[in-house]
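This report refers to the structure that appears directly beneath it.
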Amino acid sequence: MEPVWEGMCRELDQLQQAWESFSAGILNFLPRLLSAAVILLLGLAAVHLLPRPVQAMMKRTSLDPVATKYALRVVRIAIWSLVAIMVLDKLGVPVGSLLAVLAAVGAAVALAIRENLANLASGMVLLFSKPFKAGDFIEVDGAAGTITEIELMFTYLDMAGNMRAAIPNTKMMTATIVNYSAHENRRQDFDVAVEYGCDLDRAREILRGLADAHPLVLREPEPPRAEVRDYGDSAVTLMLRVWCRSADYWELRFDMNARLLPALKAAGIEIPFPQMDVHIHPADREEEKAAEQADWPPV
């Protein structure tokens, strides 16, 4: 009986020692756990409170709303990353080794998605430099349309015919972009061909009168002008130069094109078709007859 009793006593002693060791470990780990919980709660509060003053400050600037949204997202990600590192450090996780592993993985991922990262960086530059904004009508690499969204990866254009184009931001950074909405007013020129025998002063007067009477034509920064542009093979080209609001550009162009021809015809000024006059001199005709007689009769 004694050996059995001694064995049970030894097992009880070992169980008591294990419990005491476990209790001591829990008691030693408990302050770390409480510290990590406090840091986590403070981080949660910071994520909700810190972006508010940042957002209020950005609203006072001229940043695009999309840039403000992504800047706030970056602030939240930075706060959560810092909180996660501090919590893991308090729990005894080797943060240095973990960061080294994450850096190696991040480098491999960056090589795999370098084009996407280039688009991401270009999108951030576009949002903060603001060469154009949502609602502008632009032309880039042959695609023309109104900007609807500027995202971090792509810029979206609504094109004529109810089509949408998604252009990578790296192309938006390197291509030549024409922004038709950059200024409030735009200038446009109308070329009108008239016959050589017409009264040019009268034709210019008619063109200026049409522009002066049109409600969409502006008088500033320059009043309407009608001048002789050049002399073509079969017509004289007159140029009517007017200024208008950018929003009225196409409405004015369509309306003026519809009015120009009837107004000139009513004044007896014709818009000629391309033509070529061929003159044959008598001497040339006699040489042709002599050549024909020399070849007659045919061999």
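The values are calculated or read from the model by the stated rules, or taken from the named source; none is laboratory data. Note that the structure is predicted; figures quoted are calculated from it, not measured. Using ideal geometry, Cβ is built from the backbone for each residue, glycine included, and neighbour counts are taken over all protein chains shown. Just so you know, the surface numbers come from the protein's heavy atoms only, side chains and all, with ligands and any DNA or RNA stripped out. Shrake-Rupley method; radii C 1.70, N 1.55, O 1.52, S 1.80 Å.
Worth a mention:
- Conditions (1) surrounded by fewer than 15 Cβ atoms within 10 Å (Cβ to Cβ); (2) under 36 Å from the mean Cα position of the chain (by Cα); (3) within 18 Å of R253 (Cβ to Cβ): number failed by D212: (2)
- The residues listed here are A165, A193, A144; of these, the one that is under 28 Å from R259 (Cα atoms), part of a strand (DSSP E or B), open to solvent by less than 40 Å² (accessible area, probe 1.4 Å) and in contact with a strand residue (DSSP E or B) (Cβ under 6 Å, 6 or more places away or on another chain) is A193.
- Taking the criterion of being within 15 Å of R253 (Cα to Cα) and either free of Cβ contacts under 8 Å to residues at least 24 places away in the same chain or buried (at least 17 other Cβ atoms within 10 Å of the Cβ) (or both), the residues of the stretch 176-190 that qualify are R186, F190.
- Members of the stretch 196-234 that are assigned to a strand (DSSP E or B) and within 30 Å of A134 (Cα to Cα): L218
- Test: residue in the stretch 220-236 that is more than 23 Å from F137 (Cα to Cα), open to solvent by less than 30 Å² (accessible area, probe 1.4 Å) and of a type in the set (V, I, T): yes
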